[in-house]
Amino acid sequence: MSSHPFLSPNARITILGGGLLGRLMALELSERGYGIDLYDRGGPEAEHAAARVAAAMLAPLAESAVTEHGVVRMGQYGLQRWPELIAKLGAPVFVQQAGTMVVWHRQDAAEAQRFHGILQRTQAAIPELPALQTLGGAQIAEMEPALAGHFQTAYYLPGEGQLDNRQLLAALVPALQARDVCLHWQQPRELDDFAPGQSDQPDLLIDTRGLGAKPQWSQLRGVRGEVLRVHAPEVQLRRPTRLMHPRYPIYIAPKQDNHFVIGATEIESDDMSPASVRSAMELLSAAYTVHSGFAEARILEINTQCRPTLLDNLPAIRQLRPRVLEINGLYRHGFMISPAVVDCALELLQTGESPLAARFAMDVRLLETA
């Protein structure tokens, strides 16, 4: 890492990409007194961003089944940071930390046991994580009455949570405007459109465009996800619920007013076409096996999006040229790890070093001098 800070007081910064990461970077940097220009090819609704389609679950222990310990530590850090970040916004954002429920049908008990073993190993390596709890039928009925009688055993992961991704993205817009961030919607820009450091140019350029940065970051690929949003008045789940299955383990994230986000599919493809009939049928049928009330749910949306992913499925920060910082690769963990990624980037920008990045084993590659 460089030992020199990137930023001088009163620096002017241009951020490319107005999705989740770009908006959070703009919020934190503007709060520190820097002048910010934010460019995005879409509008304030973030219609092109992977963050708009996400379930926005904050589940580091559950996600340890598919990721590295560094990402788990980032997720645990994010659970502490999200309430602080949301407190800075003027509009309400639904956020919950009531834990995660993991259930399975009898024929999938072996998959549940495999999952349990992975989580136990994670907790041995990261003892500060709240301990997984195994629940019997009576405990399930007490904690999640909607599941009473449907499952005899479950795992409960305390402290995990979720938030409303669309409420958050919307609330960030007026918060940025209040901090005099110049928002340039429907104005896509490339790195070569700027010459940072020269006259009438920004002092620093930050690229958070996700897959939009693929021409400059060739290792990026898209990982497709398909997500349903439904309104199910007959379903009263209190917390995110995951259904174990060897082929399509699904998650059901209850939002406000009996709205639910249901997802599972993960396809190695940057195909942005509509969801397949097969995927929709599997998601809906699996949700129905968790709670029969989903049979009368109303399908509000069936969405697809591709998450920006690097070769190792881990986030990275790099600097290939002076005054340009590129941040990418949040994969399926965008909401869970974005506070940690933002804070690592802030440390680098202000000091040239990041103890947080070292703590999370994040890939950071900088020029010798900034």
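The values are calculated or read from the model by the stated rules, or taken from the named source; none is laboratory data. Here the structure is a predicted model, which is why all the values come from computation and not from measurement. Don't worry about glycine lacking a Cβ; one is built from the backbone with ideal geometry, like all the others, and counts go over all protein chains shown. These area figures cover heavy atoms from the full protein model, side chains too; ligands, DNA and RNA do not enter into them. Shrake-Rupley method; radii C 1.70, N 1.55, O 1.52, S 1.80 Å.
Quick notes on this one:
Matching residues to (1) farther than 21 Å from residue 304 by Cβ; (2) assigned to a loop (DSSP other than H, G, I, E, B):
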{"residue": "176", "(1), (2)": "yes, no"}
{"residue": "187", "(1), (2)": "yes, yes"}
{"residue": "196", "(1), (2)": "yes, yes"}
{"residue": "216", "(1), (2)": "yes, yes"}
{"residue": "223", "(1), (2)": "no, no"}
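- Any hit, region 89-111, residues being of a type in the set (Phe, Trp, Tyr), modelled with pLDDT of 95 or more and either at positive phi or surrounded by fewer than 21 Cβ atoms within 10 Å (Cβ to Cβ) (or both): yes
- When residue 42 is tested against (1) open to solvent by less than 10 Å² (accessible area, probe 1.4 Å); (2) closer than 26 Å to residue 230 by Cβ; (3) out of contact with any Gly (no Cβ under 8 Å at 6 or more places or on another chain); (4) not in a helix (DSSP H, G or I), only condition (3) is not met.
- Residue check, residue 26 within 30 Å of residue 155 (Cα to Cα) and in a helix (DSSP H, G or I): no
- Positions within region 126-157 being among the hydroxyl-bearing types (Ser, Thr, Tyr) and either buried (at least 21 other Cβ atoms within 10 Å of the Cβ) or under 26 Å from residue 74 (Cα atoms) (or both), in sequence order: 134, 155, 156
- In region 354-363 there is at least one residue matching the filter, namely being on the phi < 0 side of the Ramachandran plot and assigned to a strand (DSSP E or B).
- Some residue of region 47-56 being over 14 Å from the mean Cα position of the chain (by Cα) and either touching a residue at least 40 places away in the same chain (Cβ under 8 Å) or assigned to a loop (DSSP other than H, G, I, E, B) (or both): yes
- Scan of region 238-250 for residues that are touching a strand residue (DSSP E or B) at 6+ places or on another chain (Cβ under 6 Å), open to solvent by less than 40 Å² (accessible area, probe 1.4 Å) and at pLDDT below 95, ordered by number: 250
- From 273, 292, 279, residue being surrounded by fewer than 16 Cβ atoms within 10 Å (Cβ to Cβ) and in contact with a Ser or Thr (Cβ under 8 Å, 6 or more places away or on another chain): 273
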